[in-house]
1. With respect to the numbered conditions (1) among the small types (Gly, Ala, Ser); (2) touching a strand residue (DSSP E or B) at 6+ places or on another chain (Cβ under 7 Å); (3) surrounded by fewer than 19 Cβ atoms within 10 Å (Cβ to Cβ); (4) at pLDDT 95 or above, which one is the sole condition not fulfilled by SER335?
2. Here is a check on your reading of the model: is THR550 surrounded by 12 or more Cβ atoms within 10 Å (Cβ to Cβ), at pLDDT below 80 and of a type in the set (S, T, N, Q)?
3. Which count do you get for residues in segment 362-400 that are in a loop (DSSP other than H, G, I, E, B) and touching a Leu at 6+ places or on another chain (Cβ under 7 Å)?
4. Quick one: ARG273 ticks every box in (1) in a strand (DSSP E or B); (2) within 29 Å of ARG378 (Cα to Cα); (3) of a type in the set (D, E, K, R); (4) touching a Leu at 6+ places or on another chain (Cβ under 8 Å) except a single one, so which number is it?
5. Can you give me the ranges of the helices (runs of 4 or more DSSP H) entirely in segment 465-532 with at least 2 residues that are surrounded by 18 or more Cβ atoms within 10 Å (Cβ to Cβ)?
6. Between a residue in segment 409-437 that is closer than 13 Å to LYS394 by Cα and any residue that is at pLDDT below 65, which pairs come within a Cβ distance under 6 Å, given they are 6 or more apart or on different chains?
7. Take the residues of segment 29-63 that are surrounded by fewer than 20 Cβ atoms within 10 Å (Cβ to Cβ) and modelled with pLDDT of 95 or more: which is farthest from HIS80 (Cα to Cα)?
8. If we keep just the residues of segment 242-265 that are part of a loop (DSSP other than H, G, I, E, B) and in contact with a Leu (Cβ under 8 Å, 6 or more places away or on another chain), which is modelled with the lowest pLDDT?
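The values are calculated or read from the model by the stated rules, or taken from the named source; none is laboratory data. Worth saying up front: this structure is predicted, and the values here are computed from it rather than measured. All Cβ positions, glycine included, derive from the backbone under ideal geometry; neighbour counts span all protein chains shown.
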Amino acid sequence: MTDNHFVQIGYFSDKGLRPINEDCCSVHVPDEASITTKGIVALIADGVSSCEAGQQASHTCVSGFLNDYYSTPDSWTVKHAGQQVIGALNRWLHASGHNFSSSAQGMLTTFSALVIKSSTAHIFHVGDSRIFHLRGNDIECLTRDHHQWNSGSKSYLCRAMGADVNIEVDYLACPIQIGDTFLMTTDGIHEFLSPNNLRDIYHQFLDRPDAASQAIAAAAIKAGSDDNVTCQIIRINQLPRLNEDEFYQQLAELPFPPELETGLIFEGYKIIRELHASSRSQVYLARNLSNDEEVALKTPSRNFLDDPLYIDRFLHEEWVARRVDNTHVLAIRPSTQPRRFLYYVSEYLDGQTLEQWMNDHPCADINLMRGIIEQVIRGVRAFHRLEMLHQDLKPANIMINRDGVVKIIDFGSAHIPGLAEGRGPWISSSPAGTWDYAAPEYFLNKPASNRSDIYSLGVIAYEMLSGQLPYGKIASVRSLTQARYTSLRDLNDAVPAWVDAAIEKATQINPELRYSTLSEFFADLCKPNPALVKKNLPLIQKSPLAFWKTLAGLLLLVNFLLLFALLHD
């Protein structure tokens, strides 16, 4: 049995009446930092005995999931991370099982995973192992057996890991509370004991999950089980998340820095000059005294000394930057010594913001626009690959250095699904971004997606070519719902109709009408999309024959009406 302040764990696995044990189970409780970002994982698998390598398949799934799941980006949700890892494991099992030169031919297994993160249990399930949820006297099976019945009374497994190159995984998320228990079994247990039998035996050993799992296995064998028997029990002692006080205390551990002046030596950096100051933060050009590198040092504004949400966003920005490694995203520099104050250090960009560049290049050339947007897209794609949304793309948050390299520089509004799962009441409910550039769904209380960042890119491209915004100034939900797109060609007749059509699609109010991928949007910025252009052309250009037929019909109708009026005058 394994005990800690989060969970009590007990398990028992035995070959029973079979010659070998093809079941496998495991629980991993990581350090507290990983519990917050990834959660506690419990797994059970039952190798299919009719294939040649069922035991190897079950052990591969359990060990592989534990290794790979905790290696996925912290920004990923549990659902996305679990599905990606299970998909990769399934493809490996399928390839190995169908390699006829291999002795591991036929690697099939059931697989069920329980991930406990924050106040939610995430269930992944393939096959006929089961996960039961016990709360008080109630017991509920959270999984369904993937069985198919033949013409008689026999059933066979219709879904298993390794059976096909693609795998359909059942997924379920359910809320949990302290005192809840999860009971995981293979079919050698639950085909011979009812859920009520399992509950009653468990209640005899409430504080001894190891003894309970052994007793359940023994009862199954006594009831006639001729299969491997595996039972794993996880009891929740404490929800693996920080409570509000602990969270705020963690954020407040580092005090705000003092006011920094030119020439000051601060934490191993010499302050050269102030680069930028606003009501929210200060950015200084500094020299790293350990390697003589010029860097940018960002400090929080003392106006928000007692604002935990502001501190959270400040730390959030550094967290994101450390994980997004891309040429077109501002790079964070590691600290030269343990920090005693709240700040972070990044590469120094000698250049100007896109906002400043646009002031110098009103109604920019289309090729210049494409070159800049392409680089921004490369940076945004790095966010999307980590399942993050930037949420605040705008010219002021994009820098162009003296070599023409474009970089995204602000990540304080980035949405990180993997962190959001465990943060509950500390997530700010205020909309991300600003009215002029943020996607309408942020202000209409609708879900955001990668299409939201595509909207912002479309607005930026529009402004670069026209100096205006596609819907004018928007300052309220009412004006947003009444907004109408202004054609780029009304503002800049040098813009081809097909470029206007692409940007119009990118900036649709309804996200379902926008591009679904960044590459699709950029492709339509570079060459005409016939379907899109035809859709946006006037009828006389889209179909001249239809136009003249329609016009002739209308003139004929007008003539008939005039003749009718004359005859009845």
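1. The number of the failed condition is (4).
2. yes
3. 3
4. (2)
5. 497-506, 518-526
6. SER413/ALA432
7. This residue is HIS59.
8. LEU254
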